[in-house]
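I have placed the structure first, in the form of structure tokens, so that the comments after it can refer back to it.
The values are calculated or read from the model by the stated rules, or taken from the named source; none is laboratory data. Since we're looking at a predicted model, the values are computed, not measured. Neighbour counts run over all protein chains shown; Cβ positions are idealised from the backbone, glycine included.
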Amino acid sequence: MAAKKIDDLEAVRLIVDTVKDFPKEEQQRIFRWAIEKLELVLSCETVTVPSQAGSGSPALITAAPVHTPRLVAEKVPSDIKTFMQEKKPRNDIQFAAAVAYYYRFEAVPSERKETISKEDLQDAARKAGHERFANPLNTLGNAHKLGLLDKGSEKATFVINSVGENLVAMTLPDGTSVAKSTKRKPARKAVKKKMPRNVKG
């Protein structure tokens, strides 16, 4: 017996029931990935909705146009080199955070990964035309110490966290270096000048 074909309203209900318990941020991410996977671009449409006719009125009154929300799939960079040229990380720490962000959110679906390793960072440097890292694992560790990456479930892997996401998505390319120390130099103590004593004649 053939399976019953569901209509579009039933499909919407199934989608809503599936994602309703996820946080808003994750819901947006799920829909973004689904749009990219289906290769959809939904643009703004204008529809005319007829209003209900008044009692005894023989004609329908056309209401003002109602605009549907615009939902457009975000552009996926062609490669990591393009992404790095757009973000312009200022140092190795920002570069590592950008690599973790790219592979989690911006790479084509078949290349996406939750965590990155030292091999991923070194390979990204090669593809992006960045200078090779002398110790890529140490760079990832420093990004973790600065609060941009969390440790992954596997040894020597790292995943970008909300702080790192904010840096890459909202701050770069105009952000200041996160590696600079925020310690203020101690203020100099004021030196009290001694007044010369009056010399008696």
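Quick notes
- Qualifying positions in region 116-129 - exposed (fewer than 15 other Cβ atoms within 10 Å of the Cβ) and outside any loop (DSSP other than H, G, I, E, B): Glu119, Arg126, Lys127
- In this entry, Arg132 passes the filter for residues that are among the basic types (Lys, Arg), at pLDDT 95 or above and surrounded by fewer than 17 Cβ atoms within 10 Å (Cβ to Cβ).
- Meets criteria (surrounded by 11 or more Cβ atoms within 10 Å (Cβ to Cβ) and either at pLDDT below 90 or among the acidic types (Asp, Glu) (or both)) for Asp174: no
- Scanning region 89-111 for residues that are within 15 Å of the chain's Cα centre (by Cα), at pLDDT 95 or above and either loosely packed, with under 13 Cβ neighbours inside 10 Å or part of a loop (DSSP other than H, G, I, E, B) (or both) yields a single hit, Pro89.
- Pairs, first modelled with pLDDT of 65 or more in region 19-44, second loosely packed, with under 11 Cβ neighbours inside 10 Å and assigned to a helix (DSSP H, G or I), C-beta under 8 Å, six or more apart: Trp33/Pro109; Glu36/Pro109; Lys37/Pro109
- Qualifying residue in region 115-123 (condition: at pLDDT 90 or above, more than 30 Å from Ile35 (Cβ to Cβ) and not polar (S, T, N, Q)): yes
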